[in-house]
1. Just grab the label-to-label distance for B:ILE178 and A:VAL256, each label 7 Å out from Cα along the Cβ direction, in nm (one decimal).
2. So what's the gap between the Cα centers of segment A:78-153 and segment B:236-250, to the nearest angstrom?
3. Have a look at segment B:2-77 and give its Rg and Dmax from the Cα atoms, expressed in angstrom.
4. Could you give the length gained by full extension between B:HIS32 and B:ILE99, i.e. 0.36 nm per residue of separation minus their alpha carbon distance, to one decimal place?
5. Indicate the gyration tensor shape class of segment B:61-157 (rounded, prolate or oblate), computed on the Cα atoms with a ≥ b ≥ c the square roots of the eigenvalues: a/c under 1.5 is rounded; otherwise a/b larger than b/c is prolate and the rest oblate.
6. Apply the Karplus parameterisation 6.51 cos²θ - 1.76 cosθ + 1.60, with θ equal to phi minus 60°, to every residue of segment B:240-249 and state each ³J(HN,Hα) to the nearest whole Hz, in sequence, with x for glycine and proline.
7. Between A:GLU32 and residues 5 or more places away or on another chain, which pairs have amide H atoms under 5 Å apart, with H built 1.01 Å from N, and which residues are they?
8. Work out how far the C-alpha atoms of chain A reach from end to end along every principal axis, then list the three figures in whole Å, largest first.
Amino acid sequence: MAKILEIRDLKLSFETEEGTVEALDGVYLDVEEGHFHGLIGETGCGKSITGLTVIGLLDNNARIERGEVLFRGKDLLKFTERQFQREIRGKEVAMVFQDPASSLDPVFSIKDQMLEAVRLNKKEEKQSNERIVKELLNKVKLPDVESLLEKYPHQLSGGMKQRVMIAMMLGRNPSMLIADEPTTALDVSIQAQFLRVLMDLKNTTNLTVLYITHNLAVLTEICDEVSVMYAGRIVETASIGDVFNNPSHPYTRKLVNSILRADSTLDSLEEIPGSVPRLINPPPGCRFHPRCEEAVDECSRVIPPVKEIGTNHLVACLRR
Amino acid sequence: MAGRKRSFWIRRIVRTLVTAFGVSLVAFLILHLTPGDPAKIMLGPYASEAAYEAIRERYHLNEPLPLQYLYWISGVFRGDLGDSIRYNRPVLELIKDRIGPTLALMGSALFISITLGIFLGIVAAIKRNTPIDYFATFQAVFWLSIPPFWLGILFLYIFGLQLRWVPIGGMVGFTSLIFPALTIGLRDEAWFARPMRAEMLEVLNQDYIKAVKAKGLKYSSVIVKHALRNALIPMITMIALRLPWVIGGSVVVEVVFSWGGLGSFLVSSVLARDYPVVQAILLLIAMLVVVANLVADLLYSVIDPRIRKES
C-alpha cells in the first residue's frame, strides 16, 4: 500500500495579539491511499490546522517553522498559493467543513454551485456537466435531485447540505477528502445517514479520507486507522482495533474509557482531569504530563520520541 | 408561497404610498407653518391689496386647510404645480429646465462614490493591515473631514483659478461637471468604503469562501463571484439610505459651483420666498428618496434568494 500523505515533523505557529501560539509541534502522520484515517483530539488540539495545511488554506498569520507535508511525494509546504489552487485543491484534495449551514454560498443555487466545481474539470458540454451533477447527488443518496438542483442552501436541512458538500467536493474526483468534523453539527439520526454515505464511498471508490473529529465513537464505524492528537502533537497512531483493544498512550486510554457505552454507568466513565493546555505557553516535555497519572520527572523535561511498539502501532510516550 | 410574496409586496407598496402622502403633506404645509399670512410671505410686505387678493384666489388661501391641500395635490397629479411668483411661469416648466443638470451631477457623483467606494473597500479588505489598507482608511477620513462647500471652493481655487484646467463655475461642457461631481462623490465614496471593507472581511471569513477555495476556484473568481456578491447585499441599503445626503450635498455644491440645477434653484427660491417652487422641489426630492428605498427593497429580493423565496 502506498502512502498518499506523509507529514514529517511539522511545526507551525500562529502570531496572535496574546503571543505566539504553538499550534503544531512536531506532527508525524502517515495516511495510506484508499484508507479512512481518523484524526481525533480535543477541541483546539490542532486537528483542523493539520487538515488546512494539507489543502493550503491556513490563515495569513500562520507560520510554518519546519517539517514536510508530502502528498504523493511532493512537499506541499513548498507550494505557492497558485500551485495549490491549480494542482491540489479540489483536484487532489477536497475538504468538507464542520458547519453545513455556512459551507454553501447562500446566494447561488445548488445547481450553480455544483456546476462550478464540475466545470473546473475542463470537460466542456453543458449537458454532460449537468448529468454529472445529478449522478453525484444520487451518489450521496439525496432524494428528488431534479427539484433539489433549483433550490438554495437555506431551503435545505443540515444533513442535506452536508451531503451536497460531499457531492460538490467529489465533483472534481479528488484522491483525498478531508472531513473536518462533518457530523458534529448534525442530529444523531442524520449522522448515521451521513456516515452511511461515506461507508458507501469507501466500498465503491478508492477515495482516501482524513476524518477529523473529537468523537471516537464515530471513528469506529468508518476508519481503518486512527491518530490521536493532543495539544499539537500526535501521541498515538494505530489501527482502529488496537486503539480500542490495546491503547498504549495514557491519553488514548483515558479517551477510550470516557466513551459512553450501553452498559456504562456514570461511575465507570472516566474523565480526564484538567483541561487542554493553552498553546501560547505549552507545558515543556510531554505536553500531556500535567494531566497524566503515569508521569515521572523525565516527562516534564524530554519530548517523547515516536516509537513503533507493534505493527503500524506508533506511540509517543516515555513510559512505553 | 406566491401568495405570501404578493402580500409582502402589497404591504410594501402601501407603506410607500403612506410615506408619500406624509411627505406631500409636509411639503404642502411648509407655507402654512411659517407664521403670518401666506400671501404676505409670498409677496413680501409691500405689494398691493389687489395683488394679495389675487394670490389668495390663485392658491385658494381663503378656503379651509384640508380643502387647500386637496386643490394642491390634485394639481400635482394634473401636472399643475402652480406658478413661480418670481418668474410668473409654471413651476413645472422651470423644474424641467433644471432637472437635467441636477440628475447629471447626482448621477456622476453616485457613480464616483459607488465604484470608488466599493473598489477601495474590496482592496482594503483583501490587503488588510497593509499600507494599502491604511491609505484607504486615511483617504476616507480625509474626505469625510472636509465640508463639501469648502472642498468645492478649494477645487475651484486650485483647478479653476490657479491651474485654469476647468471653468470657474457654471455649466460649460463636461469639464465643469468633474469637480462638482468629485466634491459630492469623494465624500460619499469615503462613506461607502468603510462598510464595504467591513462587509468583505466578514464574508471572507465565512466557511463558504473556504469551501469554494477548497473546490479549486481561482482567487479572483472567489473574490468577484462569491465574496463580492454577498458583501454587496447590505450595501444596497447603505446606498439607498445615503441618497438624501447626496441630494443635500448637491444643493450646497450647486450653489458653490453656480451649477444651474434644482439645488441652486431651491436655494434661490427659498431666499426669494417663491413658495410654489420650494414646495414642488421638496416634493420631488422627497419622492425621489421614497422611490429609491422601494427600488432598494426590490433589488434586495433580486440579489438575495433568502428574501426572494421566503418573505
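The values are calculated or read from the model by the stated rules, or taken from the named source; none is laboratory data. Remember, it's a predicted structure, so these values are computed and weren't measured experimentally. Cβ: placed from backbone, ideal geometry, glycine included. Neighbour counts: every protein chain shown. Only protein heavy atoms, including side chains, enter the accessible area calculation; ligands, DNA and RNA are left aside. Shrake-Rupley method; radii C 1.70, N 1.55, O 1.52, S 1.80 Å.
1. My value for the distance between the label points is 7.9 nm.
2. Taking the Cα centre of each part, segment A:78-153 and segment B:236-250 sit 39 Å apart.
3. So, for segment B:2-77, Rg and Dmax equal 18.1, 63 Å respectively.
4. Values: separation 67, 0.36 × 67 = 24.12 nm, distance 2.64 nm.
Contour length minus Cα-Cα distance gives 21.5 nm.
5. On the way: a/c = 3.37, a/b = 2.74, b/c = 1.23.
In terms of gyration-tensor shape, prolate.
6. 4, 5, 7, 3, x, 5, 4, 5, x, x
7. It is A:ILE4, by chain and number.
8. 67, 49, 42
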